[in-house]
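A quick write-up on the structure given underneath.
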Amino acid sequence: MARLLDHSGYDALVATNGEADFPALSRVDPPLDLVLVNSYLPRLSGSEIVARVAEFFTCCPVLHIEQGGVPFNAERLLSLVRKAHQARYTAPQH
């Protein structure tokens, strides 16, 4: 997924171990624009991942995916990332 995002013009940082990586990623400067969470990080359950995301990434959208051994659809993933990114930077129309 990180390669797909990189090739599509996004800078992707990868967390491979939720216990160690979440605190470090929360201190990235500039702050992250989007957090894409795969429920299958080692050492954390899906509910623990959601709790950590809420704790460390309060200022950006979060996409939570559950791959579960099924190949992801690249176009669908990119569409979701674009929508989340645009929603963050587009002011509401009145």
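The values are calculated or read from the model by the stated rules, or taken from the named source; none is laboratory data. Note that the coordinates shown come from a computational prediction; the quantities given were computed from them, not determined experimentally. Neighbour counts run over all protein chains shown; Cβ positions are idealised from the backbone, glycine included.
Within segment 9-31, the set of residues being assigned to a loop (DSSP other than H, G, I, E, B) and either among the hydrophobic types (A, V, I, L, M, F, W, C) or closer than 13 Å to Glu55 by Cα (or both) comprises Ala12, Leu13, Val14, Ala15, Arg27, Val28.
Within segment 73-92, residues that are under 18 Å from Leu32 (Cβ atoms) reach partners that are among the aliphatic types (A, V, I, L, M) and modelled with pLDDT of 85 or more with beta carbons closer than 9 Å, at six or more positions or on different chains, in the pairs Leu77/Leu4; Leu77/Leu5; Leu78/Leu4; Leu78/Leu5; Val81/Leu5.
Selection of segment 67-84 for residues being surrounded by 11 or more Cβ atoms within 10 Å (Cβ to Cβ) and either part of a loop (DSSP other than H, G, I, E, B) or at pLDDT below 80 (or both) yields Gln67, Phe72.
Note on segment 16-25: among residues that are of a type in the set (Gly, Ala, Ser) and modelled with pLDDT under 75, the one that is surrounded by the fewest Cβ atoms within 10 Å (Cβ to Cβ) is Ala20. Once segment 1-34 is narrowed to residues that are under 12 Å from the mean Cα position of the chain (by Cα) and among the acidic types (Asp, Glu), the residue that is farthest from Pro71 (Cα to Cα) is Asp33. Within segment 5-18, residues that are among the β-branched types (Val, Ile, Thr) sit with their Cβ atoms under 9 Å from residues that are part of a loop (DSSP other than H, G, I, E, B) and surrounded by 13 or more Cβ atoms within 10 Å (Cβ to Cβ), at 6+ positions apart or across chains, in these pairs: Val14/Met1; Thr16/Leu41. Filtering segment 31-57 to residues that are surrounded by fewer than 11 Cβ atoms within 10 Å (Cβ to Cβ) and at pLDDT 75 or above leaves only Ala54. Test Arg3 against the criterion of being modelled with pLDDT under 75, loosely packed, with under 12 Cβ neighbours inside 10 Å and not polar (S, T, N, Q), and give yes or no. Against the criterion (modelled with pLDDT under 75, loosely packed, with under 12 Cβ neighbours inside 10 Å and not polar (S, T, N, Q)), Arg3 does not qualify.
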